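Since the structure comes first, as structure tokens, the remarks are kept for the end.
The values are calculated or read from the model by the stated rules, or taken from the named source; none is laboratory data. If you're wondering where the values come from, they're calculated on a predicted model, not measured in any experiment. Cβ placement follows ideal geometry from the backbone for every residue including glycine, while neighbour counts extend to all protein chains displayed.
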Amino acid sequence: MKPPRRTSTGEDFGLDGCSRFLQRLWRLAVPGSDLVAAAEQRDGAPNTTDEVLARATHRLVADVTAAYDRWAYNVAVAHAMAYLNDVYRYVQGDAGVHAPTLDAAIGRLLEVLAPATPHITAELWARRHGGDHVHERPWPTADPSMLVEETVTMVVQVDGNGARPARGTRRRGRGDLHRGRTRLGEGVGIPGG
């Protein structure tokens, strides 16, 4: 939602979008949700899809914490909106829902949204956790090892021509990339290098 202009004419300034976001949050997080009940439930150990959501959860906590530290509340909410879309894709995906992974994802989302949407997050948290209060919880922290991307995309340019993205597994530091130039050829340029 953008801030109102000084010469406001009483426009809603995106309130419909805010309302839709909160309705989607409620639909996902309320206990007994039809959305979650319709998804295939899966027991056992977490799979790759669960790990992707867990990594996104830690990224959410890191990004929202950084945004709040900069007083950028709109950025924090934007990260939460994007993450809610990720959780919806997870719930509606073909791999099925792993209940502990989904519960952790929804819990972190409610915790990081609590400063921006105190009433709805308090109500959802109390319903999910037997009267416990979300505003009395310590702020969540992101696990730094979960923030490391498994794959990276770099733009590679050979002899000044044809800059193209290249994806690869993250195994080495930037210094190794520069030393690897000899294997690719002297004409390989690494942006910023």
In contact with a Cys (Cβ under 9 Å, 6 or more places away or on another chain), in a helix (DSSP H, G or I) and touching a residue at least 24 places away in the same chain (Cβ under 8 Å): is that true of residue 77 in this structure?
yes
Can you go through 31, 100 and tell me which one is in a helix (DSSP H, G or I), within 17 Å of residue 125 (Cα to Cα) and out of contact with any strand residue (DSSP E or B) (no Cβ under 8 Å at 6 or more places or on another chain)?
100
Criterion first (of a type in the set (Phe, Trp, Tyr), under 21 Å from residue 144 (Cα atoms) and part of a helix (DSSP H, G or I)) does residue 68 satisfy it?
yes
Looking only at residues that are acidic (Asp, Glu) and on the phi < 0 side of the Ramachandran plot in region 131-186, which one is modelled with the highest pLDDT?
136
Any residue that is in contact with a Leu (Cβ under 7 Å, 6 or more places away or on another chain) and either loosely packed, with under 13 Cβ neighbours inside 10 Å or within 26 Å of residue 144 (Cα to Cα) (or both) - is there at least one of those in region 33-50?
no
When region 103-122 is examined, which residues are found to be in a loop (DSSP other than H, G, I, E, B) and of a type in the set (A, V, I, L, M)?
114, 116
Here is a check on your reading of the model: is residue 97 assigned by TED's automatic domain parsing to the domain that holds residue 31, among the β-branched types (Val, Ile, Thr) and closer than 29 Å to residue 48 by Cβ?
yes
Taking region 107-145, which residues are within 17 Å of residue 79 (Cα to Cα), surrounded by 13 or more Cβ atoms within 10 Å (Cβ to Cβ) and hydrophobic (A, V, I, L, M, F, W, C)?
109, 110, 112, 113, 114, 116, 142
Qualifying positions in region 123-144 - in a loop (DSSP other than H, G, I, E, B) and closer than 22 Å to residue 58 by Cβ
129, 137, 138, 139, 140, 141, 142, 143
So which residues in region 66-77 are touching a helix residue (DSSP H, G or I) at 6+ places or on another chain (Cβ under 8 Å) and surrounded by fewer than 17 Cβ atoms within 10 Å (Cβ to Cβ)?
68, 73, 75
